[in-house]
1. Just a yes or no: is a residue in the range 277-289 more than 25 Å from Asp410 (Cα to Cα), among the hydroxyl-bearing types (Ser, Thr, Tyr) and part of a helix (DSSP H, G or I)?
2. Taking the condition of being touching a Cys at 6+ places or on another chain (Cβ under 6 Å) and not polar (S, T, N, Q), how many residues in the range 365-408 meet it?
3. Have a look at Val358, Val347 and point out the one that is outside any loop (DSSP other than H, G, I, E, B) and out of contact with any strand residue (DSSP E or B) (no Cβ under 7 Å at 6 or more places or on another chain).
4. Out of the range 483-512, which residues are closer than 17 Å to Ile469 by Cα and surrounded by 19 or more Cβ atoms within 10 Å (Cβ to Cβ)?
5. Which residues, taken from the range 288-304, are within 25 Å of the chain's Cα centre (by Cα) and in contact (Cβ under 8 Å) with a residue 60 or more places away in the chain?
6. Given the residues Thr314, Thr323, which is the only one that is surrounded by 16 or more Cβ atoms within 10 Å (Cβ to Cβ), farther than 15 Å from Ala224 by Cα, of a type outside the set (A, V, I, L, M) and touching a helix residue (DSSP H, G or I) at 6+ places or on another chain (Cβ under 7 Å)?
7. Answer yes or no: is there a residue in the range 70-82 that is of a type in the set (Val, Ile, Thr) and outside any helix (DSSP H, G or I).
Amino acid sequence: MMEKIQKFGGAMFTPVLLFAFAGVVIGLGTLFTTEVIFGPMAAEGTMWYGVWNVVLQGGWTVFNQLPLLFAVALPIGLAKKHNARCCMEVLVGYLTFNYFVATMLSQWGGFFGVDYSLETGNTSGLAMIASIKTLDMGMIGALAISGIIIWIHNRFFEFELPEWLGVFSGSTFVYMVTFFVMLPVAFLACLLWPHVQDGIRMFQGFVATTGIWGVGLFAFLERALIPFGLHHLLYSPFYYDNAVVNGGIYAAFATDLPRIAASGASLKELAPYAAFTCSSWSKIFGCPGIALAFYATAKPEKREELLGLLIPITLTAIVCGVTEPIEFTFLFIAPALFVVHAVLAAVLAMVMNLIGCVGVFSGGLIEMASLNFIPLMANHWQTYLLALVVGLCFTGVWFVVFRFLILRFDFKTPGREDDEEEVRFRSKAEYRAAKDGSTDAVIASVDQSDPFAVTAAAVLELLGGRDNIEDVTNCVTRLRVTVKDESLVADDVDFKSIGTSGCAKNGRAMQVIIGLNVPKVRDRFDALLDS
């Protein structure tokens with residue numbers, strides 16, 4: 001079950017990769033169309049406003065169609081074969097489902113307890129999806145429908161029909177089955193989902209009343225679930241669905257940007273729902289403290305070598321918001337340190353909430369600047385300056401606490417390994433030479449000038465070869481692989497020796513930490529499996 005949940009979480013993360021760029025476009029578009037910042041030239045009706053408004057509205061594409069985007073993207077990670085065809089099948093199946101729902105509600109809305117005449121949004125429980133006025137089931141509904149259709153695809157895509165019915169095979173047969181399955185599913189959605197919406201509203205009220213403690217618990221769990229690959233499942237309903245605000249925190253905050261930019265009131269008063277997008281603080285202030293502690297406690301002869309490792313992975317955490325490279329350098333060596341890291345992240349999030357600094361702070365510095373600092377600096381610079389001071393103080397806290405624990409318990413963090421171990425990442429050739437000097441047919445068959453192909457081949461070998469792979473997907477930094485026999489998988493140190501950040505094992509579920517180039521490695525990995 002854990003393998004399936006991890007795989008689902010990784011697949012769900014695929015569309016999230018688009019949010020960073022979309023957020024930057026919305027932030028810049030909002031900035032350049034805010035009259036309080038740019039004066040009369042940004043007034044509605046001017047050429048300046050018109051041009052930037054076109055850019056801004058284009059930037060809204062991703063957030064305006066989130067349910068549709070998540071539904072179509074899920075097959076990329078979960079369809080066992082013919083992923084592209086499955087994406088098409090999910091698209092038409094999901095639209096069919098929503099047309100069924102819309103028609104049922106328009107005819108029998110009273111029976112289901114839904115007033116279909118209301119405008120979409122707010123508390124109506126209705127939404128527009130691809131110009132269809134339907135139930136607002138958000139990302140959860142989209143993923144559920146997509147999951148049903150993916151199962152139908154995996155089960156029936158290669159179903160054998162008589163030759164004279166061959167025109168109805170493949171995707172056509174999948175859609176035929178989907179069409180009739182969606183009829184009862186749509187009826188059940190109309191019957192049950194309004195009650196789910198009532199429960200969501202109650203949950204929103206509960207979360208709103210927990211205040212700072214709720215923020216701390218959320219921040220702790222968001223970090224603590226990273227080793228299991230389940231953190232996406234925790235934050236996604238908050239960020240992109242209706243857990244705390246209609247439409248999700250990202251969409252709601254982006255919509256509110258002009259109002260927040262024009263007001264001098266506290267950010268916490270203007271957007272209290274945004275308190276939960278708080279994971280960035282530990283990324284930009286905690287990770288540098290950890291890196292400094294590693295450097296200070298490293299053996300003197302290894303510090304220069306260690307610096308070459310720490311600088312890029314720390315900058316990756318700060319600028320891009322991707323923390324796995326630095327966190328996985330100590331997660332399995334000293335898991336107690338990771339728990340302390342999660343606790344400090346929760347405390348920092350609570351302190352930031354206390355000083356009133358809320359917003360979309362879940363990515364890296366680029367995303368934070370585009371959705372917060374740049375458009376909101378004019379009226380909220382004092383809050384951001386205070387947040388900077390608090391954050392730098394916490395960098396010191398992370399450094400002191402980690403340094404003390406590393407020295408007290410002699411954790412073998414980077415730079416403190418035994419003499420026979422190395423801080424640096426070795427090449428695959430060096431690894432094989434150190435083992436027995438042999439060569440592998442798979443590695444030899446790939447283009448040696450393509451580093452991603454070489455990495456993919458090396459990872460495949462360490463996972464036990466083609467015959468040991470059951471399925472594969474990826475998230476933003478990890479190659480997630482289910483193997484048939486976990487005893488054939490190499491040790492974590494072997495994965496580090498080929499240039500990855502290691503391999504997290506959970507039964508037959510393997511997570512090879514590649515870094516931001518994982519999509520390219522995944523492409524080469526799939527090609528090796530198919531060759």
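1. Looking for residues that are more than 25 Å from Asp410 (Cα to Cα), among the hydroxyl-bearing types (Ser, Thr, Tyr) and part of a helix (DSSP H, G or I), one finds at least one in the range 277-289, hence yes.
2. Going through the range 365-408, the residues touching a Cys at 6+ places or on another chain (Cβ under 6 Å) turn out to be 383, 387.
Keeping just the survivors that are not polar (S, T, N, Q) gives 387.
Of the residues in that region, 1 qualify.
3. Values: Val358 fails: outside any loop (DSSP other than H, G, I, E, B).
When all the criteria are applied, what remains is Val347.
4. Kept after step one, since they are closer than 17 Å to Ile469 by Cα, are these residues of the range 483-512: 483-491, 495, 503-512.
Listed by number, the residues that qualify are Val483, Val489, Phe495, Cys503, Ala504, Ala509, Met510, Gln511, Val512.
5. From the range 288-304, those within 25 Å of the chain's Cα centre (by Cα) are 288-291; that's our starting set.
Within the range 288-304, Pro288, Gly289, Ile290 qualify.
6. Values: Thr323 fails: farther than 15 Å from Ala224 by Cα.
On inspection, the qualifying residue turns out to be Thr314.
7. no
For every residue, the table says whether it meets (1) polar (S, T, N, Q); (2) under 21 Å from Asn154 (Cα atoms).
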residue: Leu488; (1), (2): no, no
residue: Asp491; (1), (2): no, no
residue: Phe495; (1), (2): no, no
residue: Gly502; (1), (2): no, no
residue: Asn517; (1), (2): yes, no
residue: Lys520; (1), (2): no, no
residue: Leu529; (1), (2): no, yes
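The values are calculated or read from the model by the stated rules, or taken from the named source; none is laboratory data. In this text, all values refer to a predicted model and were calculated from it rather than measured experimentally. Note that each Cβ is placed from the backbone with ideal geometry, even for glycine, and that neighbours are counted across all protein chains shown.
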